[in-house]
Amino acid sequence: VALGIVAGAAAERSFPVCGIVGVCSAEGNAAPVAFAGLVGLQHRGHESWGLATETGGRVAAWRELGLARWPAGAGAHAAPVAIGHTRYSTTGDSHLCNAQPLVGTAGGREIAIAHNGNITNAVELASELRASGYAFRSSSDSELILALLLAAGADLPDAVARAIERLCGAYSVVALVDGSLVAFRDPHGIRPLAVASKAGTTVVSSETCALDTLGYQRQREVEPGELVVARPGERPRSYGLRTGGRRHLCVFEYVYVARRDSRLDGERVESVRERLGGRLAYEAPAGAEAVVPVPASGLPAARGFARVGDLPLVDALVRNEYVGRTFIEPDPTLRSLGLQMKFNVADGVAGRSLAVVDDSLVRGSTMRRIVRKLRAAGAREVHVRIAAPPFRSPCFYGVDIADPGELVAAATSPADLGREIGATSLAFLSLDGLESVLGAGRGLCDACFTGRYPTPIERIADKGRLEAAPPAEARRELARFRRRALPPQVARS
Ligand code: SF4
């Protein structure tokens with residue numbers, strides 16, 4: 001069983017994507033800066049992490065399963081360029097061979113890459129590359145990007161332009177090529193990527209929260225189809241390789257994935273979530289006496305709901321942040337206990353009619369338990385309000401939401417679903433409501449709500465689609481990892 005699936009069962013809505021960071025440092029300290037950036041992106045994935053540096057044409061890389069920790073032996077490592085990756089597997093299981101950055105060699109050149117997204121023509125492209133003699137060392141679709149860059153010539157913009165011609169789907173990429181930090185984003189801009197420079201140092205990150213914490217305020221998005229090349233001591237260069245097309249930034253980055261202090265397209269995520277909650281209160285007022293946020297990611301939406309509904313916010317759910325990773329064992333009793341232990345109910349609910357607000361609903365198992373616990377604590381009515389439309393379709397662009405059969409809202413009406421989870425009522429934000437908050441025609445992917453995918457896709461959602469036969473050692477390594485006691489999950493909101 002893939003680790004992500006088991007962890008997801010325990011955490012129910014633990015579906016981050018991946019985080020990438022790249023640094024080109026004027027001071028030769030790219031590795032610690034990239035590592036610090038990686039910690040700022042830990043919420044995007046905690047199955048594995050990695051760091052790679054390049055000095056004098058040689059790549060050094062460190063990769064591990066679990067949460068990021070400063071690698072032993074990297075302390076004295078001075079390097080002008082570095083990239084990092086934190087992973088949640090969407091293609092390729094949680095083996096160390098799939099941890100990134102991936103490193104490859106061709107004609108004496110070493111290249112390292114880190115990728116966030118999913119390649120949607122991966123099976124076709126992999127078979128072409130195998131036929132041309134490329135030997136894959138991982139089952140990750142990210143290796144396709146590495147293989148294409150290795151096969152291209154030394155002219156960087158040309159090499160990336162050729163790769164973009166062949167790749168379909170979502171890809172934000174950082175790479176180390178010939179002493180440069182390279183960053184590019186797919187022509188739809190499905191996954192976010194931001195860049196900032198200061199005093200001769202350039203930092204690229206999946207989210208602006210990492211740039212903020214590193215002290216880089218003058219930020220901008222890497223545009224869809226844009227290539228940025230940074231060399232030590234020089235101003236970064238930008239190449240518009242496939243710009244001007246229709247943008248499709250993932251709407252779910254706004255709803256759940258991105259950290260609330262990040263900005264997407266210049267807009268603070270927390271403020272968007274508050275407005276989504278406010279719109280929900282306008283569309284589906286619950287007639288309740290108080291609003292209960294589902295911590296931590298439901299808090300901004302609950303705040304917006306309470307403000308528009310002129311209701312008090314009651315911090316009634318206490319979340320145990322240590323449950324997620326403690327209960328990953330595939331034992332049904334442990335998994336069930338994991339769900340049960342995730343939330344406790346504080347005082348302030350007895351005899352009251354409550355609106356419980358969360359940002360999204362996937363399998364419904366956590367919400368079912370929350371409703372049960374609130375009722376057991378004496379709540380008179382429990383109205384569930386979700387600040388996003390119902391999930392109806394799987395994601396093929398790098399968010400491991402759930403198997404289509406597990407999307408509870410796909411085939412059940414809100415009224416039936418509400419009854420099923422024991423709520424007095426249940427309502428979702430409408431698609432119109434989502435659009436009115438985010439702006440019609442803004443250029444967003446909303447395929448998991450609408451089924452309208454912005455690119456052609458191979459309808460093979462299996463994470464192991466590129467996995468010929470997982471090596472026995474990789475399986476043993478995963479089993480070892482799962483037996484280890486791990487640090488707590490990073491708190492999110
Ligand atoms: S399908 Fe959904 S989760 Fe996937 S990229 Fe589109 S909006 Fe985001």
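Charge dipole (Cα centre; +1 on Lys/Arg Cβ, -1 on Asp/Glu Cβ; no other charges) of the chain amounts to roughly 740 debye. Normalised by the number of residues in the chain, the mean separation of alpha-carbon contacts (under 8 Å, six or more apart) gives a relative contact order of 17 percent. Each of L41, L167 was scored by other Cβ atoms within 10 Å of its Cβ. Arranged with the fewest first, they read L167, L41.
Annotation: peptides 267-277, 417-427, 123-133, ranked by per-residue average of other Cβ atoms within 10 Å with the highest first, follow the order 267-277, 417-427, 123-133.
Using the Cα centre of the stretch 179-282 as the reference point, and only Cβ charges (+1 on K/R, -1 on D/E), how large is the resulting charge dipole? Debye, rounded to the nearest 20.
140 debye
Footprinting exposure proxy ranking of M367, M341, fewest other C-beta atoms within 10 angstrom first, gives M341, M367.
If the chain between V318 and T333 were fully stretched, how many nm would it gain, using 0.36 nm times the residue separation less the Cα-Cα distance?
3.2 nm
With 0.36 nm allotted per residue and the present C-alpha distance subtracted, the R392-D178 stretch has 72.6 nm of extension available. Highest-first packing order for the peptide set 187-197, 96-106 is 187-197, 96-106, based on the mean count of other beta carbon atoms within 10 Å.
Each reported figure results from applying straightforward, stated rules to the coordinates on display, with no laboratory input. None of these values were measured; they are calculated from a predicted model. Because the Cβ atoms are built from the backbone with ideal geometry, glycine has one as well, and the counts that use them run over all protein chains shown.
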